[in-house]
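Undergrad: The following block contains the structure, expressed as structure tokens.
The values are calculated or read from the model by the stated rules, or taken from the named source; none is laboratory data. Just so we're clear, the structure is a prediction, and the values are computed from it rather than from any experiment. Glycine also receives a Cβ, built like all others from the backbone with ideal geometry; neighbour counts cover every protein chain displayed. With ligands, DNA and RNA removed, areas are computed over all heavy atoms of the protein, side chains included. Shrake-Rupley method; radii C 1.70, N 1.55, O 1.52, S 1.80 Å.
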Amino acid sequence: MLFSSTLVCATRFPELVKGVSMKRLLLVFMMIFSMVYAGTAVAGEPSSEPILKLNTKMHTSSIWRIDMDTQGYYLVTASDDKSVMVWNAKTGEYLKTLRPPIDKGNEGRVYSSAISKDGRFVAASGWTGWDWHAQCSVYIFNTSSGEMVARVTGLDSVVYDLEFSPDGKFLAATMGRNGAKIISTANWTVTASLTGYSDQSHCAAFDKKGNLVTSSFDGHLRLYDSSFQLQKDVLVQGGKKPYGLAFSPDGKKIALGYQDSPRVQVFDASSLELLYEPDIAGVDNGKNFLNTVCWSKDGKQLYAGGYYMIYVNGKWWSHMRRWEKEGKGKFKDFPLCLNTCWDIKTLTDDSFVFSGYYPDFGRFDRDGKQLYYKSSEVFSFADNDKSKLKISDDGFTIGFAPYSGAAYTFSLRERQLLEKQANFPASVTSRGGITITDWLNSTAPRLNGTQLSFLEKYERCISADISSDGGTIVFSADYSIYGLDANGTQKWKITAPGTVWSVNIADGREVFAATYSDGTVRWHRLSDGRELLALFVTNDGKRWVLWTPSGHYDSSPGGQDLIGWHVNEGTDRTASFYPAGRFASTTYRPDIGTYILDLLDVDLALQKSGESRGITDTGRKNILQSLPPTVTILSPENGATMTSALVQIQVLIKTPENDPVTEIRTLVNGRPSGEDVRGIMIRPRSKAGEPHTLKITIPEGECEISILAKNSMGYSEPATVRIIYGRVTTSGDDEFLIKPKLYILAIGVSNYNDENLRLRYPSKDAKDFTELMAKQKGALYRDVVTNLITDEKATRDSILEGLEWIQTETTSKDVAMIFIAGHGMNDNNGHLYFLPADVIVEKLKRTGLPTEEISRTVAAIAGKVIYFMDTCHSGNMTVARRGGDIDLTQALNELSSAENGAIVFCSSSGKQYSLESEKWGNGAFTKALLEGLSGKADYVGKNKITINQLDLYLSERVKELTNGKQTPVTAKPETVRDFTIVIKK
């Protein structure tokens, strides 16, 4: 099972959705507190077993804290998803993920993080070590490398807030019980304990002199001097749950917000006497609260955020309130985040940043103008409308829709995601003499009028459905799914990795679907509730991944790394993470969904799937025996300015002790640097890794250096650092400092030797593409050199010669485009071949062109590479289709991997065929491609078309041309940034 990190039984607060009462909030909070301290069972050490997790470049669950260094370069965010992320504070760009050790359930949830004033260290804590030691730890990471450099022990509760003192000598940690701890940063040990608290302490703040103030749910505000001696302790009256607080810049006032009240109060910072309360008109409706506060840099304005929902432009937004005159003047509200705001901080330029529940975070100027906003890639299914989840009678197709957004349909048989409403039955609560009432958000649902008592204490019923034969009633709840018989007797129960928002039982198969708070949709076996499959779709609808509890998966192109394996390295080291795509040779199973729904048995399905592909492994058990290396860049730091084009890179390499690193690959802006290191044998002397020094020559301007290491299991994920040398272009990242040459290899096969394979337009597609791009000579490119190979000339040998030509000619300053149109075919092991004109299908391995040949060429090309792939033509309806279904996913993922580095545009997805029509005069994909490159993809009106703009145009236009029958896909390496590919003429 994938370990979700959503808000469930033991997080800080319940799911906060519109309409949830404050009474319900506090009721669930009582449940949380009681579970945290119900016992102190100790497991001892982190699990060494690989743990399957979602993997996106944004948090997937609530972001509790946000912080920045004094210079305003780094942002750090702490999330319930068991990770800390580091961002560029100026742009909001993702930099890296810091991974503490984690385990099942709550262990590893991060409730607090802080960055040292000089930006060198990140501290993180929460439910961190409690399940192993009955004490929590604060993990200290090096910000630049991401490596853990220390672990502070001895905290006798979960940690809710971390704050560095202004001189950087101390770190305050507030806790769920027993007050707070003061940690010395000189040796990372606890030096003082602040006691006398009778409830949780969620927030602390320092003033510029080092005085400390804390809030606690015992209703008290406590003030300490810089020696951490208690000076004042007052019982506040604005609410029962004081939460966020902040010193004014001059240190004379303290602002306080509440978790259970909309009131904000301002106190004298010396006496803790109440001075005044800002105007909360419009906030005080019984549902809203303003729990987090901050001041402008000059102290003239006071800000407060929390749960203050207003409907704006078709969405509910939680608003920030800003008061003038230090909180005594007029106010202005502006939209901030999509749900509760948990933390706000002011930056040195008087802008401020926030973090929220949704999860989201962002940066605004002092007038409320949004500078950037980042939200999760996760769909929110938190909706009282349970009819949005649909499932077909046979269970193979599901329909779902988020709380706000378009509806989608996913087919296991077709391996296809479509943006359309499914026409299957919704769940029912009355059928065949069975009626369920009082079930929605209730602790006491009823069956035919009789109250049921199967729920855990404080747990809510969220959804329900009745099977077509009336034999099983499925209830979902805050953190469980229950199966009951027609009499209300419990048949089974499973613990869910998050709130289960809706369930729907298939009428013709013993399965049901469920939507989860981590954005997944899952199939379960009806007889015992066992999970069979999980599906995650990014909320733009472009990528998806489907997987089994053992980690075997299917995915869209680019979707394979949306999950991966977290591997703990003990309690004192940063955990390693391996995206699922690194194990594709054994765990990629495009047929797994069909096998599982046919057999309703995961183990048997894996056996059948493995037999069909000649694979005998069982996935998770072999992960630890097949680990690629990991690479960490120790220096230079991200954003560093270099004085020489020759840069020295210090890296830390980890690899299993019996599998040495034999190659280090270096990339500059996603392409080979020409300074790879081969013929080596790096065998780390400890689990901490082996340092290694590299020297790389970089071009002028801002560039990204990526390092990959290789052992017998393959390449590591790239470690990347962005540095600057010499002059930086001011016209944007998509500009070339010197005009490059464009080399084009265009291949199109319409007239195959085998008449059964013949098509109408691939050769014309290749010719039209070449002619259009040739017009870019003197515009974006100083020259355009083409090599067009079509029809009978497109033999296997001539295509190989063409690949050798483009590899040889393209320099590091140039751009290469490869366009291929015609038929594609998979062999029995799933390997993709392009079919040359002289192919003999029965002798595919000898006469076809394997995608691996193209990958090797792409990897060796020095310049940027763009690959247009149209290799799944069906022709028209009178042309016979080739045997078997074509699977492009594995080939696309290989081509667009960091080590190969191609940007791949593919004509279709899933089991779709590429369509061609006389009215277009081309294939649908090429028709849209030519339109987009001719100028229609210029969405911003700058007469330039970038990779991302072309991607957007193709995705919409091809669907329009084919009435949704064909969906193009784009796969792009994470090491390659967006750039201009044509200038509109």
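Undergrad: Report yes if some residue within region 288-296 is over 29 Å from Ser404 (Cα atoms), in contact with an Asp or Glu (Cβ under 9 Å, 6 or more places away or on another chain) and part of a loop (DSSP other than H, G, I, E, B); otherwise report no.
TA: Yes - at least one qualifying residue is present in region 288-296.
Undergrad: Out of region 206-221, which residues are open to solvent by 10 Å² or more (accessible area, probe 1.4 Å) and assigned to a strand (DSSP E or B)?
TA: Those that are open to solvent by 10 Å² or more (accessible area, probe 1.4 Å) and assigned to a strand (DSSP E or B): Phe206, His220.
Undergrad: Considering only region 334-347, how many residues are over 18 Å from Ile310 (Cβ atoms), in contact with a Ser or Thr (Cβ under 7 Å, 6 or more places away or on another chain) and surrounded by fewer than 24 Cβ atoms within 10 Å (Cβ to Cβ)?
TA: Total meeting the criteria: 1.
Undergrad: Could you list all residues from region 97-108 that are at pLDDT 95 or above and either among the basic types (Lys, Arg) or outside the structural domain of Met68 (by the TED database) (or both)?
TA: Within region 97-108, Arg99 is the sole residue that qualifies.
Undergrad: Right, Thr586: among the β-branched types (Val, Ile, Thr) and surrounded by 15 or more Cβ atoms within 10 Å (Cβ to Cβ) or not?
TA: yes
Undergrad: How many residues does region 149-203 contain that are aliphatic (A, V, I, L, M) and over 21 Å from Trp342 (Cα atoms)?
TA: 10
Undergrad: Among the residues of region 571-591, is there at least one that is of a type in the set (Gly, Ala, Ser), part of a loop (DSSP other than H, G, I, E, B) and not assigned by the TED database to the domain that holds His133?
TA: There is at least one residue in region 571-591 that is of a type in the set (Gly, Ala, Ser), part of a loop (DSSP other than H, G, I, E, B) and not assigned by the TED database to the domain that holds His133.
Undergrad: Please pick out the residue among Thr429, Thr437 that is open to solvent by 20 Å² or more (accessible area, probe 1.4 Å), touching a Phe, Trp or Tyr at 6+ places or on another chain (Cβ under 7 Å) and not charged (D, E, K, R).
TA: Matching residue, one of Thr429, Thr437: Thr429.
Undergrad: In addition: Any residue in region 904-923 that is out of contact with any helix residue (DSSP H, G or I) (no Cβ under 9 Å at 6 or more places or on another chain), more than 28 Å from Gly581 (Cβ to Cβ) and not assigned by the TED database to the domain that holds Gly670?
TA: yes
Undergrad: Next question, about the same structure. Farther than 20 Å from Thr574 by Cβ and modelled with pLDDT of 90 or more: does that describe Ser716?
TA: no
Undergrad: May I pose another question? Within region 236-243, does at least one residue satisfy the condition of being crowded, with 22+ Cβ neighbours inside 10 Å, in the same structural domain as Tyr307 (by the TED database) and part of a strand (DSSP E or B)?
TA: Within region 236-243, one or more residues are crowded, with 22+ Cβ neighbours inside 10 Å, in the same structural domain as Tyr307 (by the TED database) and part of a strand (DSSP E or B).
Undergrad: Hey, any hits in region 927-946 for a residue that's among the β-branched types (Val, Ile, Thr), closer than 17 Å to Met817 by Cα and either open to solvent by 50 Å² or more (accessible area, probe 1.4 Å) or touching a Ser or Thr at 6+ places or on another chain (Cβ under 6 Å) (or both)?
TA: yes
Undergrad: Out of all the residues in region 603-615, is one or more surrounded by 19 or more Cβ atoms within 10 Å (Cβ to Cβ), closer than 30 Å to Lys813 by Cβ and in contact (Cβ under 8 Å) with a residue 12 or more places away in the chain?
TA: no
Undergrad: Please enumerate the residues belonging to region 899-926 that are surrounded by 21 or more Cβ atoms within 10 Å (Cβ to Cβ), outside any helix (DSSP H, G or I) and among the hydrophobic types (A, V, I, L, M, F, W, C).
TA: Residues satisfying the conditions are Ala902, Ile903, Val904, Phe905, Cys906, Leu915.
Undergrad: Can you name the residue in region 645-695 that is of a type in the set (D, E, K, R) and part of a loop (DSSP other than H, G, I, E, B) and, of all such residues, is least open to solvent (accessible area, probe 1.4 Å)?
TA: Ranking the qualifying residues of region 645-695, first place goes to Asp659.
Undergrad: Would you be able to say whether some residue in region 119-134 is part of a strand (DSSP E or B), of a type in the set (Val, Ile, Thr) and under 25 Å from Ser351 (Cβ atoms)?
TA: There is at least one residue in region 119-134 that is part of a strand (DSSP E or B), of a type in the set (Val, Ile, Thr) and under 25 Å from Ser351 (Cβ atoms).
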